[in-house]
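Working notes for the structure below.
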Amino acid sequence: MIQGTIIKGIAGFYYVKAGDIVYECKARGIFKKDGITPYVGDEVIIENLNESEAVINEILPRKNLFIRPPVANVDCFVIVVAAAKPDPNSEIIDKLLVMAEKEHTDIIICINKMDLINDKEINRILEIYKDIYPVVCTCGKTGEGVQELSALLGNRKSALAGPSGTGKSTLLNRLQTRFTVETGDISEKTKRGKHTTRHVEIFETDSGALIFDTPGFTSFEILDADEDELHYLYPEMLRFIGGCKYDNCRHIKEPGCRVMQAVREGNIHELRYKSYIKQYKEIQEKKRF
Ligand SMILES: Nc1nc2c(ncn2[C@@H]2O[C@H](COP(=O)(O)OP(=O)(O)OP(=O)(O)O)[C@@H](O)[C@H]2O)c(=O)[nH]1
Ligand SMILES: [Mg+2]
Ligand SMILES: [Zn+2]
């Protein structure tokens, strides 16, 4: 019996790292029968059947589990946003943030490709998030800011997440230099990433932290949030919620809403508020069908 971490899963095989050895494993048949799927990041107990074959016997209790990106046991999400190419998509960013907030993971926002825009434009993006989350600006092309990002990661297990083409794998190649992970241009025609990374994989950074590279996406659906709890997942709203006139205020159009007042006074960023409303309605809409 050996305990290890699933670092990659491809075509029914799971790659389990225990110490310096990576075992190629199958999952025990019973998992499938019981509807249990192993995830990258899972701590597992494996058993060597013979020289070349091993099976996963048991998945140890998870700290958390995410479906998109499909990862388990994440301490910190690094939401990678491109300053341009592709342009920042606040809808995807805020949905990822809500997903991470829901499971109480740590969050870092990384604004990459800072070589493509000027300081004024960088500040415009910083303004939205800098008072809520740690934000780091990087350039995957030159390596600028990568040290700072690495310092922020510390020795947490962090997962890179964000739209396709924002530079997640490029940053990964800067954080760890042992392997070269494939990266890809964004499409000239659609201005979107080409989904270069196809599977989740865990790497060890040069400073010894574990980091998940994940496939990017171009859209993102909220799967199981509750609209009435959504406001708790916008940390900058928390200190205002108690000030609303009505206990069940959801800050949409209720009179005496303290949150809306904070938006008017510039204490909650208008774009964040707009994205809150949009998500709120989307969740409601989804429930109706
Ligand atoms: N100008 C500029 N280009 C960058 C920077 N970082 C990455 N790129 C380029 O952006 C493109 C996409 O980079 P990837 O690292 O493949 O992006 P990704 O987020 O891993 O994309 P998926 O795997 O599809 O999710 C590549 O052509 C990179 O060379 C940067 O800081 N500045
Ligand atoms: Mg990638
Ligand atoms: Zn309110």
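Being of a type outside the set (K, R) and in a helix (DSSP H, G or I) is the filter here, so list the residues in the stretch 72-101 that pass it.
Across the stretch 72-101, the qualifying residues are S90, E91, I92, I93, D94, L96, L97, V98, M99, A100, E101.
Do the conditions hold for S207, that is, is it part of a loop (DSSP other than H, G, I, E, B), away from ligand 1 (no atom under 15 Å from the Cβ), surrounded by fewer than 18 Cβ atoms within 10 Å (Cβ to Cβ) and not β-branched (V, I, T)?
In short, yes.
Output the number of residues of the stretch 63-79 satisfying the condition of being surrounded by 13 or more Cβ atoms within 10 Å (Cβ to Cβ) and either in contact with a Phe, Trp or Tyr (Cβ under 9 Å, 6 or more places away or on another chain) or at pLDDT below 95 (or both).
At the first step, the residues of the stretch 63-79 found to be surrounded by 13 or more Cβ atoms within 10 Å (Cβ to Cβ) are 63-66, 68-79.
If we keep only those that are either in contact with a Phe, Trp or Tyr (Cβ under 9 Å, 6 or more places away or on another chain) or at pLDDT below 95 (or both) too, we end up with 65-66, 68-74, 77, 79.
Residues that pass the stated criteria total 11.
Quick one: in the stretch 160-204, which of the residues that are closer than 19 Å to G145 by Cα and basic (K, R) is nearest to ligand 1 (Cβ to nearest atom)?
Looking at the filtered set, the residue picked out is K168.
Looking at I79, I109, can you tell me which residue is closer than 19 Å to R156 by Cα and in contact with a Cys (Cβ under 9 Å, 6 or more places away or on another chain)? Steps first, answer last, please.
Numbers: I109 fails: in contact with a Cys (Cβ under 9 Å, 6 or more places away or on another chain).
Testing whether each residue is closer than 19 Å to R156 by Cα and in contact with a Cys (Cβ under 9 Å, 6 or more places away or on another chain) leaves just I79.
For the stretch 102-128: of the residues being within 20 Å of L149 (Cα to Cα), touching a helix residue (DSSP H, G or I) at 6+ places or on another chain (Cβ under 8 Å) and in a helix (DSSP H, G or I), which is modelled with the lowest pLDDT?
Top of the filtered list is I122.
The values are calculated or read from the model by the stated rules, or taken from the named source; none is laboratory data. Remember, it's a predicted structure, so these values are computed and weren't measured experimentally. Neighbour counts run over all protein chains shown; Cβ positions are idealised from the backbone, glycine included.
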